[in-house]
Amino acid sequence: MVSALAALALAVALDALVAEPPRRVHPVALYGRVVDALDREWPRPRVVGALVALGLPLVAAAFAAASVVGALRVHPVLGVAVAGLWLFSATSRRMLVDLAGDVVARIDAADDAPPSGIRGLVGRDTTALDDGELRSAAVESAAENLADGLVAPLLAFAVGAQLTLALGVAAAVWVKAVNTHDSVLGYPSKPHGTASARLDDLVMWVPARVSAVFVALAAVDGRALPRAQTWAHAPPSPNSGWPMAALAAALDVRLEKPGVYTLNPDAPLPTTADAERAVRIVNRAGVLAVGATGVVAWL
C-alpha cells in the first residue's frame, strides 16, 4: 500500500530530524498523564483496572483512526501526513539510541553518582550499582525499549495497514497505549495495574521475539538466538528476556539485575566498548525493523 509506505517514510524522516515531538504536545506523554491520574486507590481495584486497561487504549486507537479517516476525506496527502505524524509519535528509534549512547559515554566520566540521564533509560534504582552494572542496565534497557518503543508499534502498523491506513495507525497507537499503561501501572504493588501488566505481556509476546531476531541479524551472529533461548526466561517478564538475551549472546557479556536475573552468567559484565557496540547493534536492529515494515507495507 503506497499510502502506508509514505506514512512510514514521513515518520522515519521526522524521527531522524527531530527524534521526538515536544513533550508538552507529545501524544504519548499526554496519554501518560491521563493514565497517571488513574493511579490511585479504587474500591474494586482489579475491576477498575481491567476496565481502564481494556477501554482507554481502544479510545486512543479510535481517536487516531478517526483523525486519519477525516484527513483522508479532505485530501489523500493530508491523510498520509496525519498517519505519519501518529506513527512518528508512537515509535522511537533515534531518541532511544541517542539516550543510550549518551548514558554509556557518561558512565566512565561520572565520579560516584550514576550519570545524569540514566533515569530516562533505566527504571531500576542505580545508586548502588558499579560501572559494569550500570553499563549492563543501560544495555538491557536499550534492548527492551527496542521491542517496546519501536518493533511492537511498527509490527502492529504493518499488520493493520494491510487492510487500511487508518487501521494500521490505530493498531500502532493501541499497542503504544497498552505499553504506556504497563509502564505507569503494571507493578505488583498496584492491584489496579494487574490487567495492564497482563495485557502488555500478551501484546508483547510476538514483538519481543521478533526484536531478538532483529538483534541477531544486526549483530550478524547466527548463534545469538539459539544461545539466547538458554537465558530468555530468566527475567520474571515473559518477554523482555528475549531481546536482552539476544544482545547478551551477540556481545558475549553478562547482563544482570542484581537479585533478580542473570543472562549469560559465565561471561564478564560489559565494558565501555561492549556497551557502545550494543548501542550500534540496537540502532541497526531498529533500522532493520523499519525496513521490514516498509517491505510489508509495500506488499
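The values are calculated or read from the model by the stated rules, or taken from the named source; none is laboratory data. Nothing here was measured: the structure is a model prediction, and the numbers come from that model. When we count neighbours, we look across all protein chains shown, and the Cβ atoms used for this are built from the backbone with ideal geometry, even at glycine. Ligands, DNA and RNA are stripped out before the accessible areas are found, and what is left, the full protein with its side chains, is counted by its heavy atoms. Shrake-Rupley method; radii C 1.70, N 1.55, O 1.52, S 1.80 Å.
Once the Cα atoms of helix 131-146 and of the chain are each reduced to a long axis, what angle between those two axes, in degrees from 0 to 90 to the nearest 10, is obtained?
So the helix axis and the longest Cα principal axis differ by about 20 degrees.
Between Arg33 and Leu163, what is the spin-label point distance in nm, taking each point 7 Å from the Cα along the Cα→C-beta axis?
The modelled label-to-label distance comes out at 3.2 nm.
Using only the alpha carbon atoms of region 150-207, find the Kirkwood hydrodynamic radius as the inverse mean reciprocal pair distance, in angstroms to one decimal.
11.6
Nothing charged except the Cβ atoms of Lys and Arg (+1) and of Asp and Glu (-1): what's the magnitude of the dipole of the chain about its Cα centre? Round to the nearest 20 debye.
1020
Using only Cα positions of region 191-250, each an equal point scatterer, no hydration layer, compute I(q)/I(0) via Debye at q = 0.17, 0.19 Å⁻¹ and quote the log10 values to two decimals.
-0.53, -0.62
What accessible area per residue, rounded to a whole number of Å², is obtained for the chain using a probe radius of 1.4 Å?
Dividing the accessible area of the chain by its residue count gives 45 Å².
What's the carbon and sulfur percent of region 1-298's accessible surface, probe 1.4 angstrom, rounded to a whole number?
Carbon and sulfur together cover 64 percent of it.
Given that compact globular proteins tend to follow 2.2 N^0.38 Å, what is the ratio of the alpha-carbon Rg of region 1-94 to that value?
1.29
Treating each Cα of the chain as an identical point scatterer and ignoring solvent, apply the Debye formula and state log10 I(q)/I(0) at q = 0.08 Å⁻¹.
Ignoring solvent entirely, the Cα scatterers give -0.34.
Just to verify a number: what accessible area does His75 come out at with the full protein assembly present, 1.4 Å probe, Å² rounded to tens?
Number for this one is 100 Å².
Stokes-Einstein at 37 °C, 0.692 mPa s, Kirkwood radius from Cα pairs: D for region 198-299 in µm² s⁻¹?
Estimated diffusion coefficient is 236 µm²/s.
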